[in-house]
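Undergrad: One structure, as structure tokens, below. Some questions next.
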Amino acid sequence: HVSTDKPIYRSGERLYVRGVLLRADGHTPITTALSETVLFEIKGPKGDTVASGASAIIDSVAGFSWDIPPTQAGGEYTVRISHPAADGRAERKFDIRSYRAPRLKSQIVFVRDGYGPGDMVAANLHVERAEGGIPAGAKVSVSARVDGEETWKGTTTVDSSGNAGASFRLPAAIARGEGVIAMIIEDSGIVETATKTIPILLQTLDLAIYPEGGDLIAGLPNRVYVEGRTPARKPADMAGVVVNTAGREVATFRTEHEGRGRFSFVPAKGEAYSLRITEPAGIKTVFALPAVKASGVVISSASNVTPRLKDVVVRVGATSDGSYLIALSQRGKEFALKPVTLRANQLTDFTLAVPRSLDGVIVATVYDDRMAPMAERLIFRQPQHKLKVQIVPDRTDYVPGDKVTLRVKTIDYTGKPVSAMVGLTVTDSSVLEMIEKREQAPALPVMVLLESEVQNLADAHVYLD
């Protein structure tokens with residue numbers, strides 16, 4: 001698992017990289033010397049190697065630094081770390097570009113991830129001073145532009161929590177859908193501007209449709225997941241209906257996070273279904289659902305998340321009586337195998353015992369009596385142990401050049417002190433805020449529990465909140 005000390009660097013600065021090596025089974029530190037070193041490699045925007053090296057592994061951690069040459073070209077770079085015993089390699093992207101660290105840290109968040117012509121847009125701003133504190137009472141001038149024309153402007157103020165909001169209606173007729181909101185913050189002589197693209201959806205969007213177990217099976221309750229993206233690959237919030245060939249509505253849905261949502265229905269044998277977008281208005285594209293299979297197996301998780309130390313419960317149904325096997329595996333290693341008997345067109349819950357230490361993403365697969373896979377889905381189990389890290393500085397305020405002493409304490413979920421290997425990064429938080437929160441690199445728990453199994457981990461911290 002690899003991380004950098006910040007996401008953006010200037011030419012001439014020093015890049016710090018940390019690699020954490022853990023066992024795939026149990027996420028425990030590597031105490032035996034599988035190999036004494038790991039290899040680091042930095043790739044430039046064109047894929048060329050601009051720096052490389054090796055670093056010793058100490059307490060399951062390896063470090064690497066690179067002095068970025070003053071003449072280094074700007075662009076998106078990638079640092080990769082590899083180990084002979086590791087499955088694949090870990091990598092992290094960072095930018096090299098000229099920038100000025102802002103005096104005010106700000107983030108704009110839209111209430112929804114998609115708007116259409118005539119919709120009411122709601123945007124929330126959160127702002128803090130780079131040196132600490134809330135600019136309460138600061139004036140915020142807001143301007144919205146669509147297709148190059150200013151369509152709304154207004155003013156608001158920052159409250160005592162550092163928040164300010166603005167709402168405005170989009171034009172009823174939009175040609176290209178190029179929208180941007182700008183918020184100019186004035187705080188005691190400091191003026192900073194926060195901007196963000198308005199997620200306007202016009203005639204089309206990219207929609208992926210995923211039946212939970214892999215297929216739509218006739219006569220059984222099926223849960224279906226959807227994921228919407230704009231042509232620019234940003235999340236697209238939406239609402240819609242599912243209809244059959246006669247146009248009769250059989251299900252409704254609304255996305256909840258990152259353009260993702262779900263719905264449930266019982267498909268009929270020989271029928272075809274499609275999805276129509278109702279919000280935002282104006283999207284005429286009709287999206288066909290996968291073909292309905294006359295026979296097969298469905299599988300779903302009995303709960304959104306399996307609590308720590310609890311056994312895994314899956315809900316399984318089949319179109320015909322028979323003997324089946326349910327397997328739980330992680331990274332190709334099987335941890336549970338349970339023979340079950342299914343009755344036609346009936347859903348049954350089955351409990352599978354797994355090791356206490358098994359956490360993160362688990363693959364649940366249903367096999368028929370010939371060991372042919374029939375249905376499969378991913379399940380998330382909360383980690384057995386939860387570590388809390390407390391950092392207490394020796395003073396509340398510092399001036400440039402001061403020496404800082406930090407006291408670090410690690411405790412478990414009961415408040416009991418525990419020993420731990422702690423990695424520290426010190427950087428200007430205002431630089432971190434230059435990257436949209438959903439695009440910021442994941443923290444170590446997300447890397448360990450999700451990153452190797454799940455794609456598109458934008459805004460990933462919410463999954464472990």
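Undergrad: Are there any pairs with C-beta distances below 6 angstrom linking a residue in the range 305-316 that is touching a residue at least 60 places away in the same chain (Cβ under 8 Å) and in the same structural domain as P355 (by TED's automatic domain parsing) to a residue that is part of a loop (DSSP other than H, G, I, E, B) and aliphatic (A, V, I, L, M), with the two at least 6 apart or on different chains, and if so which?
TA: As it stands, the answer is V312/V354, since those pairs meet every condition given.
Undergrad: In addition: Can you give me the number of residues within the range 271-323 that are polar (S, T, N, Q) and either touching an Asp or Glu at 6+ places or on another chain (Cβ under 8 Å) or crowded, with 19+ Cβ neighbours inside 10 Å (or both)?
TA: Initial filter on the range 271-323 (polar (S, T, N, Q)): 274, 278, 285, 295, 300-301, 303-304, 306, 319-320, 323.
Narrowing further to those that are either touching an Asp or Glu at 6+ places or on another chain (Cβ under 8 Å) or crowded, with 19+ Cβ neighbours inside 10 Å (or both): 300-301, 306, 319, 323.
Of the residues in the range 271-323, 5 are polar (S, T, N, Q) and either touching an Asp or Glu at 6+ places or on another chain (Cβ under 8 Å) or crowded, with 19+ Cβ neighbours inside 10 Å (or both).
Undergrad: Can you pull out every residue in the range 406-465 that is assigned to a loop (DSSP other than H, G, I, E, B), free of Cβ contacts under 8 Å to residues at least 40 places away in the same chain and buried (at least 16 other Cβ atoms within 10 Å of the Cβ)?
TA: Within the range 406-465, P442, L457 meet the criteria.
Undergrad: Hey, another quick one. All but one of (1) in a loop (DSSP other than H, G, I, E, B); (2) surrounded by fewer than 17 Cβ atoms within 10 Å (Cβ to Cβ); (3) under 28 Å from the mean Cα position of the chain (by Cα) hold for S264; which doesn't?
TA: All conditions are met except number (1).
Undergrad: Now a separate question. Among the candidates Y463, Y413, which residue alone is touching a strand residue (DSSP E or B) at 6+ places or on another chain (Cβ under 8 Å), at pLDDT below 85 and closer than 24 Å to D113 by Cβ?
TA: Details: Y413 fails: closer than 24 Å to D113 by Cβ.
The match here is Y463.
Undergrad: Among the candidates P355, P373, which residue alone is exposed (fewer than 15 other Cβ atoms within 10 Å of the Cβ) and within 22 Å of G296 (Cα to Cα)? Working first, answer last.
TA: Working: P355 fails: within 22 Å of G296 (Cα to Cα).
Result of the check over P355, P373: P373.
Undergrad: Consider A251 carefully, then state whether it is at pLDDT 95 or above, aliphatic (A, V, I, L, M) and part of a strand (DSSP E or B).
TA: Considered against the rule, which asks whether it is at pLDDT 95 or above, aliphatic (A, V, I, L, M) and part of a strand (DSSP E or B), A251 comes out as yes.
Undergrad: Shifting gears a bit: So, A101, is that one touching a helix residue (DSSP H, G or I) at 6+ places or on another chain (Cβ under 6 Å), closer than 24 Å to L432 by Cα and buried (at least 17 other Cβ atoms within 10 Å of the Cβ) or not?
TA: On the way: touching a helix residue (DSSP H, G or I) at 6+ places or on another chain (Cβ under 6 Å): yes; closer than 24 Å to L432 by Cα: yes; buried (at least 17 other Cβ atoms within 10 Å of the Cβ): no.
So A101 does not fit the description; no.
The values are calculated or read from the model by the stated rules, or taken from the named source; none is laboratory data. Every value quoted in this text rests on a predicted model; they were computed, and no experiment measured them. In this analysis, Cβ positions are derived from the backbone assuming ideal geometry, glycine residues included, and neighbour counts consider all displayed protein chains.
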